[in-house]
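Participant: The structure under discussion is supplied below as C-alpha cells; questions concerning it will follow.
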Amino acid sequence: MISAILTVCRKEILDNSRDRRTVLTAILLGPLLGPIILVMVINLTVSQARSSAERAIHVPIVGADHADNLVAFLASRGIRASQRHGLTSIDEAMNAVRNGDREAVVFIDASFGDELASGTRAHVGLVYDVSDSASSRRAGRIRGAVNAYSQQIGALRLLARGLDPSVVRPLVIDNFDVSTADERSSLLLGMLTYFLLFATLMGGIYLATDTTAGERERKSLEPLLATPVPRSSLLLGKMAATVVFMLLSLALTLACFMVALRFMPFEQLGMSTSFGPGTALFAFLVLTPFAPLGAALLTAVASFTKSYKEAQSYLGFVILVPTLPLIVASIMNVRPSLALMAVPSLSQHLLITNLIRGEPIEPLMLALSVASTLLLGALLAYAAIRLYERERILG
Amino acid sequence: MIEIDALSKRFGKISALSEVSFRARDGRITGLLGPNGAGKSTCLRVLSTVLRPSKGTARLGGIDVVAEPLAVRGIIGTLPHGAGLYPHLTAVQNIRYFGQLCGVDRPTLSGRIDRLVQQLDLGDIANRKAKGFSQGERTKVALARALVHEPPHLLLDEPTSGLDVMAVRQLRRRLRELAGEGRCILISSHVMQEISALADDLVIIAQGRIAARGTPSELAARYGNRDLEEIFVSAVGGES
C-alpha cells in the first residue's frame, strides 16, 4: 500500500514537472509574486518617509529679499527658496497652489524687516491646500521650521533682557516611543505570512486539479481505477505529490523573501529585520503542517467538481478561505493565545509574526498549532477520499 | 472465465443493464455487440469493479466483483473507451506506471515492457511523449498497459474505433494470439463486421438486455440468415 502511494506520488511529480503551466504557477509565479509586491510596498513607504523628513525641498518664497536670515534658516532645514518662481503677490500664490502648480508658497511682506526690528509681530504668509496631502505635509514642514526660527529669536530677545527663555515655555513634552525596531517591521511584514500561505496554496492548485478533474477529462481515470490499488491509496499518492509541490513553492518563496528583504532599506524606516536563514527555516517548519491541509482542501474540492474548468473556478475562491482568518486578525489586532492556535493559518500567521518581532515562541502554542492543522488536514483528506470513492467520479 | 448472472445496474431512474446473464470462456474471444447506449460500457465497467452492480452477480476467475474488487482488479487488463494516456509521459513510462501499480517487480517489469514494445511494434514511439500520438499509437500503448501484468482476463471497450485498416488487422492478429495463450477476452463493439471477423462467441445487447447470444454460426442458424449484420438488426429490433 505504501509502495503504491509512492508510485502514484512519483508519477504525479514527474508528470506535472513536465507541465509548463504547473511549473509556471508553482515554481515561478507563486514564489515571485509575494516578494515583488512586498518590495514595491516597502519602497513606496520608504520614499514617502524620505520626502517628508530628509529630502531638501524647493519652495517659492515671495519677497525672499525682505528676510535674508529667515531664508537662510529655512535653507539650513532643507527648505530652499526656489529661483524664478514668477510669483509676485499673495493672490498669484494662492492661485498657483489652488491650480496645483505649486504645493506650498511662503509669502513675506515688505514690512517684515521693519516689524522684526521694531519688536512687533512680523508676519509670514503660508499658502497651502489642506485637502492635498502632499501640500499639507509640505506646509507642516515649513510651519515647523518657521516656528523654530521664531522661538530662536524670541529666546535671544529674552536673553538680551536678562530673562531665562524657559519662562515663556513652562511645559515641555518628552516623547518616549516604546516600539522597538523589530515591532515596527512586523507591521509591514505582517503581510509576509499572507504571501507565504498564498504561495503554498498556489503551488498545489494545478496538481490538485490535474490529478483529479484533469485525469478524468483525459480519460486515464478509468484504467487507473481498474488497477489493483485501493482508491484511498491512489488519492493519498496524489495528495502527497501536491504537498511536495506546495512545499517546494513555499521554500522558493522564503528564499525569494530572504534575498529581497536583504536589499530593503529597513534602517531608514527605523526598522530592523532579522529575516535570515534561521528565521526562514523556522517559518518553513511552522508552515509545513499547513501544506497537507491545503492539499486535502484543494483535492476535496477538485474531486467534488465535474470538470477541469469547474474545479479551477472553485479553487480560485477556495484559496482565499485560509486567508480570511488573517484578515480578521489584522483588523482586530489580535495577540497570540492558546485558543487561537486551534485555528489553522491564523496560528501560523501569529507564530511567524511573533518570530519576526523577536519574541519567544511558546512550545505549547507551537505544538497546538501543528496538531490542530494536521487534524483538520486529516479530516479534509478523509472527505476527499470519500468523494473520490463515489461512482460519479467517472463523470 | 467471466460469469455474469442476472446483472442489473441503475443510475437513478435510468436502467442501464437489466437481468443480463452470459459467460465468457477462457481461450476465446467473446464479442459484446450492441448499438450506442445499449449498456456495453456499463457492463465492462461493472466487470472492472469501477461501478457496483445494483443487482445480480459477476465473477471473474471465480472471484466476485462486489466481495473482492481488489482481487478482481489484479486479474484483469482493461482498455476503456478513449484509451487515455498521460500526455507528458513517454509510452514506456505510461506502461511502467501501470505495471508498478499492479505490483509487478522491477526486473520482471522491464523484461515485459521490452517484450510488449516488440510484440506491439512500439519501437519508434517507446520513448516519445504520448502527447502527439495518433489514435492507433494510443490504442497500442493502452493495450500494452493492459497486458503488462499478464492478466488472464482482458476487457476491451471499442478497441478498434478510430483505427485505420492496417492497425485493425494488426490488433486482431494480436488478440487472436492472446486468446490462443488461454486468456478470456471480452470485447465490446457496435460495428458488426469488426466482431464477426474476431469473436468466437457473440452476445448481442440492446437497451440493457440480452437480445441474443451464441456462436456466429448458431446465431445464423437461429435467425435463418447468413449475414451477421442482418441478425444484429433483427435481434436489436431496429430498422422497422
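Participant: Inside 10 Å of the C-beta atoms of A:227-237, what's the mean count of C-beta atoms belonging to other chains?
Facilitator: Values: counts 16, 14, 7, 3, 2, 0, 1, 1, 0, 0, 1.
The per-residue average across the peptide is 4.
Participant: Ok, one more. So what are the ³J(HN,Hα) numbers for the range A:28-45, from phi and the Karplus equation (6.51, -1.76, 1.60; θ = phi - 60°), rounded to whole Hz, Gly and Pro as x?
Facilitator: The phi angles translate into 10, 5, x, x, 8, 4, x, x, 5, 5, 5, 4, 5, 5, 5, 4, 5, 4 Hz.
Participant: Continuing with the same structure: Taking only DSSP H segments of four or more residues, each worth -39500 (n - 2.57), what value at 222 nm results for chain A once the sum is divided by all its residues, to the nearest 500 deg cm²/dmol? Let's see the in-between values first.
Facilitator: Numbers: 16 runs with 247 residues, N = 395.
Calculated mean residue ellipticity at 222 nm is -20500 deg cm²/dmol.
Participant: Using a 10 angstrom cutoff on alpha carbons, build the Gaussian network for chain A and name the most mobile of A:GLY34, A:GLY78, A:GLY358.
Facilitator: Of the options given, A:GLY78 has the highest mean-square fluctuation.
Participant: Here's another thing I want to ask about it. With θ taken as phi - 60° and the coefficients 6.51, -1.76 and 1.60, list the Karplus ³J(HN,Hα) couplings across the range A:167-174 in order, rounded to whole Hz; mark glycine and proline as x.
Facilitator: Couplings: 4, 8, 10, x, 10, 10, 8, 9 Hz.
Participant: Please list 3J(HN,Hα) in residue order for the range A:320-325, calculated via the Karplus relation 6.51 cos²θ - 1.76 cosθ + 1.60 where θ = phi - 60°; whole Hz, with x for glycine and proline.
Facilitator: Result, ordered by residue: 7, 4, x, 8, 4, x Hz.
Participant: Could I ask something else about it? Could you please rank B:MET166, A:MET94, placing first whichever residue has the fewest other Cβ atoms within 10 Å of its Cβ? Intermediate values should be presented prior to the final figure.
Facilitator: Details: B:MET166 9, A:MET94 18.
In increasing order of surrounding Cβ atoms, one gets B:MET166, A:MET94.
Participant: Follow-up question, since we're still on this one. Residues with amide H under 5 Å of B:ALA211's amide H, sequence separation 5 or more or different chain, H placed in the peptide plane at 1.01 Å from N; which?
Facilitator: B:ILE204, B:ILE205, B:ALA206
Participant: How many angstrom lie between the C-alpha centres of the range B:149-210 and the range B:61-104?
Facilitator: The range B:149-210 and the range B:61-104 have Cα centres spaced 18 Å from each other.
Participant: Given H placed on each backbone N at 1.01 Å, which residues far from B:LEU7 in sequence or on other chains put an amide H within less than 5 Å of it?
Facilitator: B:GLU19, B:VAL20, B:SER21, B:THR57
Participant: Using amide H atoms built 1.01 Å from N in the peptide plane, name the residues 5+ places from A:SER82, or on other chains, whose amide H lies under 5 Å from its own.
Facilitator: A:VAL59, A:ILE61
Participant: Given charges of +1 on the Cβ of Lys and Arg and -1 on the Cβ of Asp and Glu, with all other atoms neutral, how large is the dipole of the range B:82-150 about its Cα centre, in debye to the nearest 20?
Facilitator: Working: 10 positive and 6 negative charges, 41 e Å.
Computed about the Cα centre, the dipole is about 200 debye.
Participant: Moving on to the next point. List A:ILE361, B:ILE2 from most exposed to least, where exposure is judged by having the fewest other Cβ atoms within 10 Å. Mind showing how you got there, number by number?
Facilitator: Values: A:ILE361 16, B:ILE2 21.
In order of increasing Cβ crowding within 10 Å: A:ILE361, B:ILE2.
Participant: Among A:THR200, A:LEU368, B:PHE11, which residue has its Cα furthest toward the positive end of the charge dipole of the protein assembly as shown, with +1 on Lys/Arg Cβ and -1 on Asp/Glu Cβ?
Facilitator: Farthest towards the positive end: B:PHE11.
Participant: Now for a separate question. On average, how many beta carbons from a partner chain sit within 10 Å of the beta carbon of a residue in A:119-126? Provide the component values of the computation, followed by the final result.
Facilitator: Working: counts 0, 0, 0, 0, 0, 0, 0, 0.
Across A:119-126, the average partner-chain Cβ count within 10 Å equals 0.
Participant: Sorted from fewest to most neighbouring beta carbons within 10 Å, what does the list B:ASP164, A:ASP129, B:ASP64 look like? Working shown, then result.
Facilitator: Numbers: B:ASP164 12, A:ASP129 19, B:ASP64 15.
Lowest count first: B:ASP164, B:ASP64, A:ASP129.
Participant: Here is a follow-up. Sorted from largest down, what three extents in whole angstroms do the Cα atoms of chain A have along their principal axes?
Facilitator: Cα extents, longest axis first: 104, 46, 30 Å.
Participant: Place a +1 charge on the Cβ of each Lys and Arg in the range A:299-395 and a -1 charge on the Cβ of each Asp and Glu, then give the dipole magnitude about the Cα centre in debye, rounded to the nearest 20. Present the calculation step by step, with values, prior to reporting the outcome.
Facilitator: Numbers: 7 positive and 5 negative charges, 50 e Å.
It comes to approximately 240 debye.
Participant: What's log10 of I(q)/I(0) for the range B:82-150 at q = 0.21, 0.22, 0.23, 0.29 Å⁻¹, Debye sum over Cα points only, no solvent?
Facilitator: Log-scaled intensity ratios, in q order: -0.76, -0.84, -0.92, -1.42.
Participant: Same structure, new question: Past the 27 Å Cα-Cα mark, which pairs from A:LYS219/A:LYS309; B:LYS9/B:LYS131; A:LYS11/B:LYS55; A:LYS11/A:LYS306; A:LYS219/B:LYS140; A:LYS238/B:LYS55?
Facilitator: Numbers: A:LYS219/A:LYS309 16 Å; B:LYS9/B:LYS131 35 Å; A:LYS11/B:LYS55 37 Å; A:LYS11/A:LYS306 23 Å; A:LYS219/B:LYS140 16 Å; A:LYS238/B:LYS55 33 Å.
Pairs exceeding 27 Å: B:LYS9/B:LYS131; A:LYS11/B:LYS55; A:LYS238/B:LYS55.
Participant: Mind checking the mean number of beta-carbon atoms from other chains within 10 Å of the Cβ atoms in B:78-88? All intermediate terms of the calculation are to be shown ahead of the outcome.
Facilitator: Numbers: counts 6, 3, 9, 2, 5, 3, 10, 4, 9, 5, 9.
Going residue by residue through B:78-88 and averaging, the value is 6.
Participant: While we're on this one: Based on DSSP H runs of at least 4 residues, each adding -39500 (n - 2.57), what is the mean residue ellipticity at 222 nm of chain B after dividing by all its residues, to the nearest 500 deg cm²/dmol?
Facilitator: On the way: 9 runs with 90 residues, N = 240.
That comes out to -11000 deg cm²/dmol.
None of the figures in this text is laboratory data; all of them are computed from the coordinates on show. The structure displayed is predicted, hence computed values, not measured ones. A quick note on method: Cβ atoms are made from the backbone with ideal geometry, for glycine too, and the neighbour counts reach across all protein chains shown.
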